[in-house]
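In what follows, a single structure is set out as structure tokens and then discussed.
Here, each number is a calculation from the coordinates, and none is a lab measurement. Since the model is a prediction, treat every value here as computed from it, not as a measurement. Using ideal geometry, Cβ is built from the backbone for each residue, glycine included, and neighbour counts are taken over all protein chains shown.
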Amino acid sequence: MIRVFRRRDVRPGGCCVVALTARQEQTRVVRGENRGRVLTEVEVVRVLSPPLPVELSHGVGLAAGALDVTLPRPEALSWDAVHLVAFVQSTKDQRIVATTRVPISVHAPGSPSIP
């Protein structure tokens, strides 16, 4: 379950987007000023949910409870190499009003869970 809390200066109403991110990846650069270097990137978005409408309550999280989101894991990534990242954006002024990152743990082969 992802709990989302809003800032006091933002009115209720928004959308939540959930991303499956690769914790860390490396890219070998073959051209340009970084040619020959290996660049390390973190939290690279691999799968992104569509915006999910939410109503926010005053400082106690999602008014309607938890969100149910299903995201496919890219075959090239193992469950221990990904995080679940969520953010809520105000529908009134498009400000990001809440964010969270949750590690995913695997209790049985192929069965991920969120601690």
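Order these peptides, 37-50, 91-104, 15-28, by their mean beta-carbon neighbour count within 10 angstrom, highest first.
Output ranking for 37-50, 91-104, 15-28: 15-28, 91-104, 37-50.
Give me a comma-separated list of calculated 3J(HN,Hα) values for the stretch 71-87, in order, Karplus coefficients 6.51, -1.76, 1.60 applied at θ = phi - 60°, integers in Hz, x for any Gly or Pro.
With coefficients 6.51, -1.76 and 1.60, one gets 10, x, 8, x, 4, 6, 10, 8, 4, 6, 9, 10, 10, 9, 10, 10, 9 Hz.
Among Val30, Val82, what is the fewest-to-most ranking by other Cβ atoms within 10 Å?
Lowest count first: Val30, Val82.
Once amide H atoms are built 1.01 Å from N in the peptide plane, which residues 5 or more positions from Thr91, or in another chain, come under 5 Å H to H?
Close amide H contacts, sequence-distant or interchain: Gly14, Cys15.
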